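In what follows, a structure is listed as structure tokens, so that the remarks can point back to it.
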Amino acid sequence: MKNALIIFKKEIKEVIRSKSVWVPSIILSLIFAVIMPVVLSVGSGSLLKNPDTAKLLSKILAGYDPFTALVMFLSKQLLIFLLLVPAMIPSLIAPTSITLEKESRTLEPLLATPVKTSELLLGKTLTSIIPAFVISTFNFILLSVTIDIISFPKLGYIFLPNTEWLITAFILSPAISFIITMVSLTISSRTTDVKSAQGIGSAVILPIYAIVGMQIVGLFVLNSVYLLIASLVLIALCPIFLKLAIRVFDRENILTKWKYK
């Protein structure tokens, strides 16, 4: 554990200085946690007068007044959109932590030390997961503040955080970050191409958009039960991806046979 923390402390400094990580995160944060809720709230009057919108809300959120149903529907969509951040950040950090070390020839000296493979991967995993968790949590809090400021005058109570918010922010989001990190580390341990490993984040984007689309057309609406089931499934998969990453990371091959481009 001590060696893993040493690796984490060394690499987290580079992550903090990396604009390629923070700039996309800030942009997504502003879009999904601030701009979209504000824009949609400004146009809420027109949306609620639209017969198609009213029909959709009455179909998927029956039993609520139109404004409450709209707030519920938008919060569900935006919570899912914010999962792009914990998927994106590890896919930007994890691949470079190994692939760039191969290119700069700093990985060989590290592997020649008594550091265990599990300690090495743990250190690099912390470097990806902790920034992802911090930024994601900030985004979920920012979304809550934005939604509550917009909705409180009409609802008379604070809408977020709720159970769905808690499950998404503290269970589903970290599970996604962990799995993306493990897959990225697995791919980057076998390649010198950073982009090919970073592309794994795009594999999560499509399901997220699919879920949002299915909610928009009224096929189903995510609730606490669905989110909890998804979280438990991903948590169950985490040890499998961890074992795979450790098994695929062949330090002997890297030390003796790796050829740099």
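Data overview
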| read-out | value |
| --- | --- |
| Residue within the range 103-119 that is at pLDDT 80 or above, surrounded by fewer than 19 Cβ atoms within 10 Å (Cβ to Cβ) and closer than 18 Å to Ile12 by Cα present | yes |
| Some residue of the range 72-91 being over 18 Å from the mean Cα position of the chain (by Cα), part of a helix (DSSP H, G or I), surrounded by fewer than 18 Cβ atoms within 10 Å (Cβ to Cβ) and not polar (S, T, N, Q) | no |
| Residue match in the range 190-198 (condition: surrounded by 13 or more Cβ atoms within 10 Å (Cβ to Cβ), in contact with a Ser or Thr (Cβ under 7 Å, 6 or more places away or on another chain), within 28 Å of Pro161 (Cα to Cα) and modelled with pLDDT under 70) | no |
| Residues satisfying the stated conditions in the range 227-243, i.e. closer than 23 Å to Ile60 by Cβ and either at pLDDT below 90 or surrounded by 15 or more Cβ atoms within 10 Å (Cβ to Cβ) (or both) | Leu227, Leu228, Ala230, Ser231 |
| Candidates Ala175, Ala203, Ala210, filtered to the one that is modelled with pLDDT under 70 and among the small types (Gly, Ala, Ser) | Ala203 |
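Rundown of residues vs (1) within 11 Å of the chain's Cα centre (by Cα); (2) under 18 Å from Pro66 (Cα atoms); (3) in a helix (DSSP H, G or I); (4) among the hydrophobic types (A, V, I, L, M, F, W, C), yes/no style:
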site: Lys124; (1), (2), (3), (4): no, no, yes, no
site: Thr137; (1), (2), (3), (4): yes, no, yes, no
site: Leu142; (1), (2), (3), (4): no, no, yes, yes
site: Ile147; (1), (2), (3), (4): no, yes, yes, yes
site: Lys154; (1), (2), (3), (4): no, yes, yes, no
site: Phe159; (1), (2), (3), (4): no, yes, no, yes
site: Ile167; (1), (2), (3), (4): no, no, yes, yes
site: Ser173; (1), (2), (3), (4): yes, no, yes, no
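The values are calculated or read from the model by the stated rules, or taken from the named source; none is laboratory data. Just so we're clear, the structure is a prediction, and the values are computed from it rather than from any experiment. Virtual Cβ from ideal backbone geometry, glycine too; neighbours counted across all protein chains shown.
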